[in-house]
Amino acid sequence: MSFDVLAIREQFPILSREVHGKPLVYLDSAATTQKPQAVIDALVDFYTQCNSNVHRGAHFLSDEATRRFEAARDTVAGFVNAAHREELIWTSGTTESINIVAKGMAQRLQPGDEVVVTELEHHANLVTWQQACLASGASLKVAPIEDNGALNLAAFEALLSANTAFVAMPQVSNALGTVNPVQQLIMLIRRLAPKALVLVDGAQGVAHSTVDVQALDCDFYAFSAHKLFGPTGVGALWGRRSVLENWPVWLTGGEMIATVTYQNATWGPLPSRLEAGTPNIAGAIAMAAAIKWFQQFNMVDVQRHEAELMARAVALGNEFEGLRLVGNAPDKVGVYSFVLGAGHPADVGFILDRQGIAIRTGDHCAQPLMKRLGVPGTARASFSIYNTLDEVEQLFVGLRKAQEMLA
Ligand code: PLP
């Protein structure tokens, strides 16, 4: 499909609504993307036509739900280029995916082991590892960034050693938009830290680049549907089969067992051994619908469009006295984080909201990163496939007003 932003917008019902009597300008896609009609339809269709539990029913609807649910797994596994469909574990989202890995790893880490993360982490990929280290006696090493928000590659490399047991890093920073050279970093890890397992936090990466877990050569890749035009409350953990097969079980209960006695239980095969309980069936099916919807576009077009939006924001911001862009790494996606004079980001967000402009303000679940950058928080506009250059301009009109009001 050719890239026509106005035609794309028409597929998102919410984008035509008003807030505070003004047309909505939605610039908060890094928090969650809006949902196209195709995804909304997939949810409604499941509940109106097919609702039933999966895997355990002896009736027509359960069979159909199971088929749709497992077909969704194929779609999502194919989206990240998994070698095997059972490598794709349904979760409630990136946070749960990372927790499955970190909680399992905590049982394996020992004093003397090192876990490497970066200064860019979202709390989901920091607190999890910090707690795994506290529980196991391993040490947490934090790879520093440059002042522009790019990872300091030499410092990252220097942290890798035979003691490195795990490396967790974001593909893209939610707070700054920095894109990490993940493939290059993993090559370094394989060379310098041969025993390390590697997790890529793909929460912000999936909607801005093609993902190929085999080419990346990571061991785990975590992502959420809701940052990818899908519903909230569902996501996935991809894990290398040979690693996942022996991974400590996460939740215990129905579906994940092979045999149970009153005294003991044995675990079933992948993927069910890591999927206890009734899954978010409609969510998984709608996640696959979101991916199919997204895949109709050429990623080069998507990236070009977002780069144009970002370039316009940067150009307008450069002319805006008193506005400071936070994070200008050479490789970054459509996240425009900034501070406006002495104005508190929350006040800026409030004033923009009254004009119908939705942005995010605060620490973006990255308190240590904000501290490192010397700001209490930022205001963050984030762009997606459905945003227009006009909306970027409206942001800056709104910011003028904010500046006047806060003067
Ligand atoms: N990692 C990053 C980089 C994120 O941006 C987010 C959410 O903003 C998460 C992890 C957590 O994702 P979720 O809240 O969908 O579990």
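Please verify whether Lys103 is open to solvent by 30 Å² or more (accessible area, probe 1.4 Å) and within 16 Å of the ligand (Cβ to nearest atom), treating the condition exactly as stated. If you could, list the steps in order and put the result at the bottom.
Working: open to solvent by 30 Å² or more (accessible area, probe 1.4 Å): yes; within 16 Å of the ligand (Cβ to nearest atom): yes.
It is true that Lys103 is open to solvent by 30 Å² or more (accessible area, probe 1.4 Å) and within 16 Å of the ligand (Cβ to nearest atom).
In region 2-12 there is at least one residue that is in a loop (DSSP other than H, G, I, E, B) and modelled with pLDDT under 95. Filtered by the rule that a residue be away from the ligand (no atom under 15 Å from the Cβ) and either of a type outside the set (A, V, I, L, M) or not assigned by TED's automatic domain parsing to the domain that holds Ala102 (or both), region 157-173 gives Glu157, Ser161, Asn163, Thr164, Phe166.
Here Gly327 qualifies as touching a residue at least 24 places away in the same chain (Cβ under 8 Å) and crowded, with 19+ Cβ neighbours inside 10 Å.
Which one of Asp45, Asp63 is under 29 Å from the mean Cα position of the chain (by Cα) and acidic (Asp, Glu)? Unique residue meeting the criteria: Asp45.
Out of Ala366, Ala381, one residue alone is buried (at least 22 other Cβ atoms within 10 Å of the Cβ) and within 18 Å of Ile14 (Cβ to Cβ). It is Ala381. May I ask you to verify whether Thr75 is hydroxyl-bearing (Ser, Thr, Tyr), over 29 Å from Ser29 (Cβ atoms) and more than 16 Å from the ligand (Cβ to nearest atom)? Taking the combined requirement at face value, the residue does not satisfy it. When restricted to residues that are closer than 18 Å to Gly356 by Cα, assigned to a loop (DSSP other than H, G, I, E, B) and within 16 Å of the ligand (Cβ to nearest atom), region 13-46 contains 7.
In region 65-75, is there at least one residue being assigned to a loop (DSSP other than H, G, I, E, B) and either at negative phi or in the same structural domain as His305 (by TED's automatic domain parsing) (or both)? Within region 65-75 (the criterion being assigned to a loop (DSSP other than H, G, I, E, B) and either at negative phi or in the same structural domain as His305 (by TED's automatic domain parsing) (or both)), the answer is no, since none of the residues qualifies.
Pairing each residue of region 189-217 that is on the phi > 0 side of the Ramachandran plot with any residue that is modelled with pLDDT of 95 or more, provided the two are 6+ apart or on different chains, yields C-beta distances under 6 Å for Asp217/Ile186. Of the strands (runs of 3 or more DSSP E) lying entirely inside region 305-407, those containing at least 3 residues that are within 24 Å of the chain's Cα centre (by Cα) span 335-340, 360-362, 378-382. Could we say that Ser97 is assigned to a loop (DSSP other than H, G, I, E, B) and of a type in the set (S, T, N, Q) here? No: the conditions fail for Ser97. Restricting Ala222, Ala154, Ala215 to residues that are over 21 Å from Asp74 (Cα atoms) and either open to solvent by less than 10 Å² (accessible area, probe 1.4 Å) or modelled with pLDDT of 95 or more (or both) narrows the list to Ala154.
The values are calculated or read from the model by the stated rules, or taken from the named source; none is laboratory data. This is a predicted model, so every value here is computed, not measured. Quick reminder, even Gly has a Cβ in these numbers, built from the backbone with ideal geometry, and neighbours come from all protein chains shown. For accessibility, only protein heavy atoms count, side chains too; no ligands or nucleic acids. Shrake-Rupley method; radii C 1.70, N 1.55, O 1.52, S 1.80 Å.
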